[in-house]
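Note sheet for the following structure.
Readers should treat all values here as calculations from the given coordinates under stated rules, not as data from a laboratory. In this text, all values refer to a predicted model and were calculated from it rather than measured experimentally. Virtual Cβ from ideal backbone geometry, glycine too; neighbours counted across all protein chains shown.
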Amino acid sequence: MSPESIDQYVLQHPQGLSYHLSAWRSAVTAAYGFKGVCLTAGTRGCIRGILPLVHIHPPLMPGTLVSVPYCDAAGPLADTPEIEQDLIFQALDLAHTLNIPSVSIRSARPMAGLDPEKTVNPGKVRMLLPLPDSADTLMKGLKAKVRSQAKKPFRDGLTVQIGGRKLLDAFYPLFAENMRDLGSPVHAREWIRQILLQFKNRAVLFIVRMPDRTPAAGGILLCHPHMVSVPWASSLRRYNRWNPNMMLYWAFLKFAADHHFPMFDFGRSTPGGRHLQF
């Protein structure tokens with residue numbers, strides 16, 4: 001099956017995510033050299049299920065097959081539980097054929113034929129927010145305290161810039177600094193560039209700037225017809241009292257609501273995380 005036909009299936013599937021699209025695998029390959037494949041199920045050119053995989057491996061190590069790396073969720077998409085289970089078996093067979101010792105499937109939901117008690121991480125939750133048809137309606141539905149927090153950075157002179165690859169020079173330094181502050185490995189600049197390049201207009205970059213135009217926060221929004229996702233959002237600690245992170249997330253939500261996306265995916269978080277205020 002062609003990448004275009006697979007992507008069309010992903011875009012039409014109600015549980016599809018941006019991470020299922022071929023652009024994610026292409027970005028992994030272009031930035032890090034790891035090869036990707038997408039298993040399919042169907043007949044006579046009609047796709048009835050897909051499972052994207054990437055072979056992640058350190059030098060001289062067998063590594064693992066992952067669906068897919070560097071994100072919260074992907075896993076199989078299928079028309080029926082039976083097709084989903086068959087795709088999982090295909091992945092196991094592929095790993096055996098290639099002498100890859102393990103398969104890691106990062107699904108957003110329990111998978112067919114697998115015990116949820118053994119496959120669901122109880123220490124994490126995935127936070128989703130159904131969106132109304134406009135940002136004005138969304139703002140009116142927030143608690144008064146949250147509305148005030150969302151509006152305050154605007155009153156204080158902070159601004160939001162929305163664009164694409166031209167904003168990468170503003171985003172990457174603050175992203176790298178934030179990752180280091182969190183003690184997390186920092187992705188290569190080329191990885192972020194490839195995400196923006198491969199996803200084209202489905203990837204939107206946001207920068208929150210201080211009154212003097214210094215970047216204080218930024219993040220990437222990936223757009224699927226049924227869901228928008230935030231693979232990365234970062235803010236600099238020294239500007240915390242200005243609430244640039246709140247402004248950033250309000251900008252994400254405003255963009256998504258005004259462009260009529262039905263659902264916002266905050267990603268995985270510890271129960272009780274700060275995004276629950278929305």
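Side notes on the structure shown:
- Across the range 1-66, the relative contact order, built from alpha-carbon pairs under 8 Å that are at least six residues apart, equals 22 percent.
- Mean sequence separation of contacting Cα pairs (under 8 Å, at least six apart), scaled by the length of the chain, corresponds to a relative contact order of 20 percent.
- Neighbour net charge for Asp79 - beta-carbon separation under 14 angstrom, K R +1, D E -1: -2
- Sequence of Arg241, Arg44, Arg268 once ranked by neighbouring C-beta atoms within 10 Å, starting from the fewest: Arg44, Arg241, Arg268
- GNM result for the chain, Cα springs below 10 Å: residue of Gly163, Gly49, Gly75 fluctuating most strongly: Gly163
- Relative contact order, percent, the range 3-119 [alpha-carbon distance under 8 Å, six or more residues apart]: 21 percent
- Residues Met227, Met1 arranged by fewest to most Cβ contacts within 10 Å: Met1, Met227
- Looking at the range 3-119 alone, DSSP beta bridges between its own residues are antiparallel in about 75 percent of cases.
- Beta-bridge orientation, the range 125-277: approximately 95 percent antiparallel, per DSSP, counting only bridges with both partners inside.
- Pairs of lysines in the chain (C-alpha under 23 Å apart; 8 or more residues apart or interchain): 13
- Average projection, convex hull of the Cα set of the range 125-277: 8.8 square nanometres.
- Per-residue HN-Hα couplings for the range 141-146 [Karplus 6.51, -1.76, 1.60; θ = phi - 60°; Hz; x = Gly/Pro]: x, 7, 5, 4, 5, 5
- Antiparallel bridge percentage (DSSP; both residues within the chain; nearest 5): 85 percent
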